[in-house]
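The values are calculated or read from the model by the stated rules, or taken from the named source; none is laboratory data. Every value quoted in this text rests on a predicted model; they were computed, and no experiment measured them. Glycine gets a Cβ as well: all are built from the backbone with ideal geometry, and neighbour counts include every protein chain shown. We work out accessible area using only protein heavy atoms, side chains counted, and drop any ligands, DNA or RNA first. Shrake-Rupley method; radii C 1.70, N 1.55, O 1.52, S 1.80 Å.
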Amino acid sequence: NAGVTQTPKFRVLKTGQSMTLLCAQDMNHEYMYWYRQDPGMGLRLIHYSVGEGTTAKGEVPDGYNVSRLKKQNFLLGLESAAPSQTSVYFCASSYALTGGPDTQYFGPGTRLTVL
Amino acid sequence: AQKVTQAQTEISVVEKEDVTLDCVYETRDTTYYLFWYKQPPSGELVFLIRRNSFDEQNEISGRYSWNFQKSTSSFNFTITASQVVDSAVYFCALSDILGGGGSQGNLIFGKGTKLSVKP
């Protein structure tokens, strides 16, 4: 049981390049999330998904796209990377409970640098 | 709007000291959840506790304890007899509710408190 995994762990891009970050979870969680963490800012939600085939915008969605084609995978895409997207990206997943929010479990993070 | 404030940016203590990390939140929801996560130097986020707004009982887990006071909108975290391994950034987070039915909502994080425990 690997939990939440992220690929790659590190990446350096040049401005304007594109890339996709992959998140996979083996806990059969319905909900998945992408956050970014910047120094002194805590974590901020980029996009999330409440089920296969559905996605929604979070707090800071501009410049990112996501897809949830399979329940266990959640992809984060950068179409044209900008230096402002240099950050550490975390994926998380959780069950959907009718009684209230369940705990989100996080992947190890991807450190992205855009030059 | 929901907000989480961790006023202490950095705290430094000597091993075996007790330390309290403060968390103050704002929400208009009557039902909400509060969380603490630990981020050690290795970078991963480790879940510590989840507490709902209807349960104001304090909780203790080993050297960790949490004090939830709805009257002051605070959810403080105390480490007793701190150890070097407790050195990390600690995040408090508040969960809002997506739509109706109590489904999973967005986690709003505080900016974190960096705790350094020196030997």
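Per-structure values
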item	result
Residue, farthest from the other protein chains (Cβ to nearest Cβ), within the range A:58-103, restricted to residues that are of a type in the set (D, E, K, R) and over 24 Å from A:Gly16 (Cβ atoms)	A:Lys70
Pair list, Cβ < 6 Å and 6+ apart or interchain, from the range A:1-25 residues that are over 22 Å from A:Tyr95 (Cα atoms) to residues that are modelled with pLDDT of 95 or more and outside any strand (DSSP E or B)	A:Leu13/A:Ala81; A:Lys14/A:Leu115; A:Gly16/A:Ser80; A:Gln17/A:Ala81
Any hit, the range B:81-102, residues being part of a strand (DSSP E or B), open to solvent by 60 Å² or more (accessible area, probe 1.4 Å) and more than 14 Å from every other protein chain (Cβ to nearest Cβ)	no
Residue match in the range A:91-112 (condition: open to solvent by 20 Å² or more (accessible area, probe 1.4 Å), within 16 Å of B:Ile108 (Cα to Cα) and not aromatic (Phe, Trp, Tyr))	yes
Yes/no for B:Thr5 being surrounded by 14 or more Cβ atoms within 10 Å (Cβ to Cβ) and under 21 Å from B:Ser73 (Cα atoms)	yes
Strands (runs of 3 or more DSSP E) enclosed by the range B:13-65 - at least 1 residues per element that are at pLDDT below 95 and open to solvent by less than 60 Å² (accessible area, probe 1.4 Å)	B:33-39, B:46-52
Selection status of A:Val66, touching a residue at least 60 places away in the same chain (Cβ under 8 Å) and in contact with a strand residue (DSSP E or B) (Cβ under 9 Å, 6 or more places away or on another chain)	no
